[in-house]
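The values are calculated or read from the model by the stated rules, or taken from the named source; none is laboratory data. Everything quoted here is computed from the prediction, not taken from an experiment. Heads up, the Cβs are rebuilt from the backbone with ideal geometry, glycines too, and the neighbour counts pull from every protein chain shown. Just the protein is used for accessible areas: all its heavy atoms, side chains included, with ligands, DNA and RNA removed. Shrake-Rupley method; radii C 1.70, N 1.55, O 1.52, S 1.80 Å.
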There are 4 protein chains.
Amino acid sequence: MSGQAPSEAEVIGYLKTLSNWGRWGTDDELGTMNLITPAKRVAAARLVRDGVAVTCARPIATDITADTTFQMMRFMVDSGEGRDTASAERLLQRRGASEFIGMVFHGYTITHVDTPAHFFWEGKIYNGRSCTLITSREGAQVEAVELLHDGVVSRGVLLDVARARGVRWMERGEGVMPGDLEAAERASGVRVEPGDVLLVRTGNYARRAVDGPANPMQAGSPGPHAALAPWLRERGVAMWGSDTHNDVTPTPYPSMGHPFHIVALVGLGLWLIDNMNLEDVAQACVERKRWEFLLAVAPLRLRNVTGSPVNPIALF
Amino acid sequence: MSGQAPSEAEVIGYLKTLSNWGRWGTDDELGTMNLITPAKRVAAARLVRDGVAVTCARPIATDITADTTFQMMRFMVDSGEGRDTASAERLLQRRGASEFIGMVFHGYTITHVDTPAHFFWEGKIYNGRSCTLITSREGAQVEAVELLHDGVVSRGVLLDVARARGVRWMERGEGVMPGDLEAAERASGVRVEPGDVLLVRTGNYARRAVDGPANPMQAGSPGPHAALAPWLRERGVAMWGSDTHNDVTPTPYPSMGHPFHIVALVGLGLWLIDNMNLEDVAQACVERKRWEFLLAVAPLRLRNVTGSPVNPIALF
Amino acid sequence: MSGQAPSEAEVIGYLKTLSNWGRWGTDDELGTMNLITPAKRVAAARLVRDGVAVTCARPIATDITADTTFQMMRFMVDSGEGRDTASAERLLQRRGASEFIGMVFHGYTITHVDTPAHFFWEGKIYNGRSCTLITSREGAQVEAVELLHDGVVSRGVLLDVARARGVRWMERGEGVMPGDLEAAERASGVRVEPGDVLLVRTGNYARRAVDGPANPMQAGSPGPHAALAPWLRERGVAMWGSDTHNDVTPTPYPSMGHPFHIVALVGLGLWLIDNMNLEDVAQACVERKRWEFLLAVAPLRLRNVTGSPVNPIALF
Amino acid sequence: MSGQAPSEAEVIGYLKTLSNWGRWGTDDELGTMNLITPAKRVAAARLVRDGVAVTCARPIATDITADTTFQMMRFMVDSGEGRDTASAERLLQRRGASEFIGMVFHGYTITHVDTPAHFFWEGKIYNGRSCTLITSREGAQVEAVELLHDGVVSRGVLLDVARARGVRWMERGEGVMPGDLEAAERASGVRVEPGDVLLVRTGNYARRAVDGPANPMQAGSPGPHAALAPWLRERGVAMWGSDTHNDVTPTPYPSMGHPFHIVALVGLGLWLIDNMNLEDVAQACVERKRWEFLLAVAPLRLRNVTGSPVNPIALF
């Protein structure tokens, strides 16, 4: 690992020392989203030069793979079968195709946003609210994804840690450390600034394409180390995304479980994007030697939900 | 109605006279999406001045309302209940909230994209393919929403027909006609050009907030009239969205059922956004006296699906 | 009402005075199911004379009705459309029809079993276990429907209270009282005995067919009154079913909410069948002047679930 | 294999020579269910001596196993978590647990009934109807499981072919042949007669418990051979169930795919039960040296559905 890892006590201490609770008022639910200003969005739009748009999401399919926890469902409500030979009356009623889609987007396969309500620590979510506000029947009564109804539009910065390390992908169990981010900054000539959406590439999704899917809870996974928290706080990152499930696994801090999620979501109110596909955008950056772009993330306006599947779009 | 409606034979004729089949090659699946060029995206980004982002989507909730065909589902896989008092061991295992979401996004309540595969005419979908390629088991094997994996980013133009007509909302059964679009163009000083995403406001969603939900199949609905097709073809509209289910109801052409869908999707390969919320964006336009903006639509990367729920974001 | 209703304090007292906690051991999860013996089943089989089987369940459909809380879902995984014209190769792969079914069976429309884990009182379920054993992620870790893997087969007794009262149906808000059961016993010449499955007809489902569906939380409903508890305990009823959601509504005891559910499930460990269709079986009883029969209830072997949709079959 | 297998042409011929089309009228949808008479049910009830009930179903769980095609879903609508500490107001509203269950019961894991509408041959289902009556939107408009609303109650006969062969289980790829059934009859002293529900044990489910799940399409499976059809027709079997998915795999007749399903469902109108658990009932038979019993199968009253998950109960 590049950089020394803090002790567990230090990481738990981050929840106090780095806390954003109260920073934007006692009623705040937006957390680090407060760092994205209109001026930031205007500046992001100024980055558009080529007019090339690139997805940062993975496809969503119904396959059961090694990293599937809950199978995605797609059932046709109506199809085109037989509509070439059906009667005119029938065609009038059933002229279109339609489908049911169902998914548990949290997990290890679907690109999705985590709201601060997704994780708890000592009974609390971001800004000191009780975790009991997220109920089975009503869902997330606070800090739900509907807060992002106007989307997240800001400067996106890609820090390609695998590239900066000179590897195809980081090994399972390796954590992204502050030194990795700074090395990647140097390699790409970009500096992360307040309000940025920071996308960090470990090469994990590239490996999936080569080696096949693996379950991170069994095989391990690279991912952000909780040691990043002070750096993210200092730089004012508004949203973090990576091509992992966003916690190095096995966990360095067994009594915390998912320390990066906890410190980011609960302590900082820092929204996450899990399981991204950063292959296309990394290629686009290399081609242009430019690691910054306009990024648009448009979560569905799901009521009372702790996240959303998304397709973040980078615009160069 | 403003403007004379064509006969049914004329509308059926549009499927030949206005056809885009073959225009972008016999293999094309993108249809009018071909009209959005990189230069168009760059120009759209130049429209960003204030850095204000505005949703064009409706919230997605589990309520059963008069316009519900299939109830949206949200079930918590895990909640925060009891996590304030649970044991440390339990908390390690179950520290987060998660949910299942399920929906039939086609219908009358959810803001969603229609791909050309959503509708058939005489056994065919856009570009002459057989509708039997959309099967129950495999889904949409062609012209599926995954084609838009890089999103739709272009100039968005709002034509506020209700405003141009001087009404709060168009009445149920009233169709948007070419004259309406031209009047709205004049009123707003904008002209629809090739590659634009055209958003047309009838006030239908504003009425829903006031009068409550209504089922368009029973109560009727304003919506685009098939008479618009020549105008849309001529102007080179890349995508059409409105605050209706996108067919004036009751249908003016009983033997076609949904003539606007048929002519747009099948004949033109023109992608649609149904059931938008254009209230916020209309207000933002009025405040700025500007009816053009960068629009980003980011469909989920659903495999083999005839559309996607979306949250289109207008950036001023 | 026939019979005087106990005070709320008395009903709450039932949870102690009538409690079956510990009666069948501290580990017991079966509750009143313990009262059904092999001898009881043999005796029930001896009641079969005509060989006529009759359903006691309602159809399960996808319609949204006034009493729908969660819409039932049925989506075809594969259909027969186009299989009359498909190629031989296609037919080899897709020769059958299949479907996804999904439902929340608890509620007001689907005939289903309630296990004792379905309701809590003061943090406890039947036999003194903590309600926290029923978790979002794992489901019902105790007192789940899988306990009934061998089905419920016993004597079924129909007490037709509406008939005994001489009405087509009991009015909404009217509770079934002990006197009702005894009057129905006298009218039908049958006496409820230990191990019986007691089915009580209020006519509520007949009314639904005539007047249309109504939401019991809004319109009220007839149903069992908590005053029945001592009688049920004394007689040794093994399972209770009725053509209601099994609590007279509006509730006579506002601070309890669903007092019959609470006393039956939590206090007695008495399993329930909600929302039955007792019209066919009532007719069969009248025709034979016989109100007892073999009853077979076969819950699905759902793991960790607090009930099951069922189709109880009466065999005469 | 015991007995010589017919040629494919012969098996296809069965669809004519053994056909039950028209046997019970041109409108018939019940097929072999017509063979179960009231007298048959009375006789079945006379078999009850011990009053012991035994499940013939497998548990239904959410695990993804090698034989999973579609994952079963169980999500709690409400749980007991936190109900030990919640406020009285909260408890009044949320005093119970509830869940959503969803499944595709057809496949290789869930014990379920197949209706005749489940399979097609040359565009037809049982009794000559068009397979196009099973549509995506409406479901099975004929020959749906609702026909069995009064359940299936008859004599159940277990023919334990694995036991008669003297093996723990039949090998994958081995078909059950007429000689197997006759050997099992001789070994158990029972003769299959008109109206019986015939349950045939291959030991396949016992093997699953020992060797773990396997996907029959990949690993193969024992199962009924289409050669059984004349025997089943002659004996008047009303319903067939086995501990397999009910077609020996790999298929002996590649151009038919699932020949047993086709001949049974389409030709004979013979209803099937797939994926049974016959371990408990086999043990109960051995203990009593009696291979006949009352069998009760109670499909859910699902509208327009080609089958139902079931828990068949044998009563000794």
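For segment B:188-316, compute Rh as the Kirkwood radius over C-alpha pairs and then the Stokes-Einstein diffusion coefficient at 20 °C and 1.002 mPa s; write the answer in µm²/s, rounded to an integer.
Numbers: Rh = 15.7 Å.
Taking Rh from Cα pairs, D becomes 137 µm²/s.
Under the √(5λ) rule applied to the eigenvalues of the Cα gyration tensor, what semi-axes describe the equivalent ellipsoid of segment A:1-46? Give them in Å, descending.
Values: eigenvalues 172, 73, 6 Å².
Calculated on Cα positions only, the semi-axes equal 29, 19, 5 Å.
Counting heavy atoms of the protein chains only and a 1.4 Å probe, report the per residue accessible area for chain D as a whole number of Å².
On the way: 9850 Å² over 316 residues.
Per-residue accessible area for chain D comes out at 31 Å².
Amide H to amide H, which residues 5 or more places from A:GLY241 or on other chains are under 5 Å from it, using H placed in the peptide plane?
Amide H neighbours of A:GLY241: A:LEU198, A:LEU199, A:VAL200, A:ILE273.
For segment D:13-132, how big is the tail of P(r) above 20 Å, as a whole percent of Cα pairs? Walk me through the numbers on the way to the answer.
On the way: 4999 of 7140 pairs.
Pairs farther apart than 20 Å: 70 percent.
Suppose we keep just the DSSP beta bridges with both residues in the protein assembly as shown; what percent of those would be antiparallel, to 5?
Values: 130 of 190 bridges.
Of all bridge pairs located within the protein assembly as shown, approximately 70 percent are antiparallel.
In whole percent, what relative contact order does chain D give with Cα contacts below 8 Å and a gap of six or more residues?
On the way: 711 pairs, mean separation 99.4, N = 316.
Rounded, it is 31 percent for chain D.
Of all the residues in chain D, which one has the C-beta that comes nearest the axis relating D to A, and what is the distance in Å?
So the closest residue, with its distance, comes out as D:GLN71, 2.
Considering every residue in C:144-152, what mean count of other chain Cβ atoms within 10 Å of its Cβ is obtained? Display every interim value, and only then the final one.
Working: counts 0, 1, 4, 0, 4, 10, 11, 12, 2.
For this peptide, the per-residue mean of nearby foreign Cβ atoms is 5.
Give me the net charge of A:ARG207's neighbourhood, meaning all other residues with Cβ under 10 Å from the Cβ of A:ARG207; Lys, Arg count +1, Asp, Glu -1. The partial results should precede the final answer.
Numbers: positive: A:ARG168, A:ARG172, A:ARG208; negative: A:GLU171, A:ASP211, A:ASP243.
Every neighbour counted, the sum reads 0.
Using a basic spin-label model with each label point 7 Å from the Cα along Cα→Cβ, how many nm lie between B:SER87 and D:GLU171?
Distance between the two pseudo-spin positions: 4.9 nm.
Ordered by residue, what ³J(HN,Hα) values in Hz, to whole numbers, does segment C:166-173 give under the Karplus form 6.51 cos²θ - 1.76 cosθ + 1.60, where θ = phi - 60° and Gly and Pro are x?
Taking θ as phi minus 60°, the curve returns x, 10, 5, 7, 6, 6, 4, x Hz for segment C:166-173.
Taking beta carbons within 10 Å but only from partner chains, what does the mean come to for residues A:40-52? Numbers along the way, then the final one.
Values: counts 1, 8, 7, 2, 4, 9, 3, 1, 10, 3, 4, 12, 5.
The per-residue average across the peptide is 5.
Two-decimal Rg/Rh of chain D from alpha-carbon positions, Kirkwood Rh? Don't jump to the answer; show the numbers that get you there.
Details: Rg = 20.3 Å, Rh = 20.3 Å.
Ratio of gyration radius to Kirkwood radius: 1.00.
Taking H placed 1.01 Å from N in the peptide plane, check which residues at least 5 places from A:SER308 or on another chain put their amide H under 5 Å from its amide H.
A:VAL113
Report, in listed order, any pair from A:LYS124/C:LYS16; A:LYS16/A:LYS40; A:LYS16/C:LYS124 with a Cα-Cα distance greater than 31 Å.
Working: A:LYS124/C:LYS16 37 Å; A:LYS16/A:LYS40 28 Å; A:LYS16/C:LYS124 37 Å.
Result: A:LYS124/C:LYS16; A:LYS16/C:LYS124 exceed 31 Å.
With a sphere of radius 13 Å drawn around the Cβ of C:GLY175, what net charge do the other residues whose Cβ falls strictly inside it have (Lys, Arg +1; Asp, Glu -1)? Can you show the working numbers first?
Values: positive: C:ARG165, C:ARG172; negative: C:GLU171, C:GLU174, C:ASP180, C:ASP247.
Net local charge, C:GLY175 excluded: -2.
Could you please report the charge total around A:PRO250, scoring K, R as +1 and D, E as -1 over all other residues with beta-carbon less than 15 angstrom from its beta-carbon?
-3
What list of ³J(HN,Hα) values in whole Hz, one per residue of segment C:78-93 in order, does the Karplus curve 6.51 cos²θ - 1.76 cosθ + 1.60 (θ = phi - 60°) give from phi, with Gly and Pro shown as x?
Working through the residues one at a time gives 7, 10, x, 4, x, 6, 7, 10, 5, 5, 4, 5, 4, 5, 4, 7 Hz.
Hey, could you grab the Kirkwood Rh for segment C:146-231? Inverse mean 1/r over distinct alpha carbon pairs, Å, one decimal.
Values: mean 1/r = 0.0706 Å⁻¹.
Across segment C:146-231, the inverse of the average 1/r is 14.2 Å.
If you take each beta carbon of peptide D:85-93 and count the beta carbons of other chains within 10 angstrom, what is the mean? Could you put the intermediate results ahead of the total?
Working: counts 7, 7, 0, 2, 0, 3, 8, 6, 3.
Neighbouring Cβ atoms belonging to other protein chains average 4 per residue here.
Based on the mean of other beta carbon atoms within 10 Å per residue, what is the order of B:38-47, C:15-24, most packed first? Before the final figure, lay out the partial values.
Working: B:38-47: 18.2, C:15-24: 15.5.
Highest-to-lowest ranking by the protection proxy: B:38-47, C:15-24.
So in segment C:99-202, what percent of DSSP beta bridges are antiparallel if you round to the nearest 5?
Working: 5 of 10 bridges.
The answer is about 50 percent antiparallel.
Give the long-range amide H neighbours of C:ASP160: residues separated by 5 or more places, or on another chain, with amide H under 5 Å away, using H modelled in the peptide plane at 1.01 Å from N.
Amide H to amide H, under 5 Å and 5 or more residues apart or across chains, C:ASP160 pairs with C:ARG201.
Chain pair A, B: how much accessible area is buried, both chains summed, with a 1.4 Å probe, in Å² to 100?
On the way: alone 14240 and 14240 Å², together 21830 Å².
Adding both sides of the contact gives about 6700 Å².
Heavy atoms only, probe 1.4 Å: what % of the accessible area of chain A goes to carbon and sulfur, would you let me know?
Working: 4780 of 9840 Å².
Looking at chain A in its full context, I get 49 percent from C and S.
Starting from a label point 7 Å past Cα on the Cβ side, list the distances from A:VAL210 to the same position in the other copies, nm, shortest first.
Inter-copy label distances (nm, one decimal, shortest first): 4.3, 6.2, 7.5.
Got the relative contact order for segment A:165-248 handy, in percent, Cα pairs under 8 Å and 6 or more residues apart?
Reported as a whole number, the value is 47 percent.
Of the beta bridges DSSP finds with both residues in chain B, what % are antiparallel, to the nearest 5?
On the way: 30 of 44 bridges.
In chain B, approximately 70 percent of DSSP beta bridges are antiparallel ones.
Using θ = phi - 60° and the Karplus form 6.51 cos²θ - 1.76 cosθ + 1.60, what ³J(HN,Hα) does each residue of segment B:7-15 get, whole Hz, x for Gly and Pro?
6, 4, 4, 5, 5, 4, x, 3, 4
Among A:151-159, D:178-186, A:139-147, how do they line up by average Cβ neighbours within 10 Å per residue, starting with the highest? Numbers along the way, then the final one.
Details: A:151-159: 25.3, D:178-186: 19.0, A:139-147: 21.7.
Put in order of decreasing packing, that is A:151-159, A:139-147, D:178-186.
When the Debye formula is applied to the Cα atoms of the protein assembly as shown, each taken as the same point scatterer, what base-10 log of I(q)/I(0) results at q = 0.06 Å⁻¹?
The Debye formula, applied to the Cα set alone, gives -0.55.
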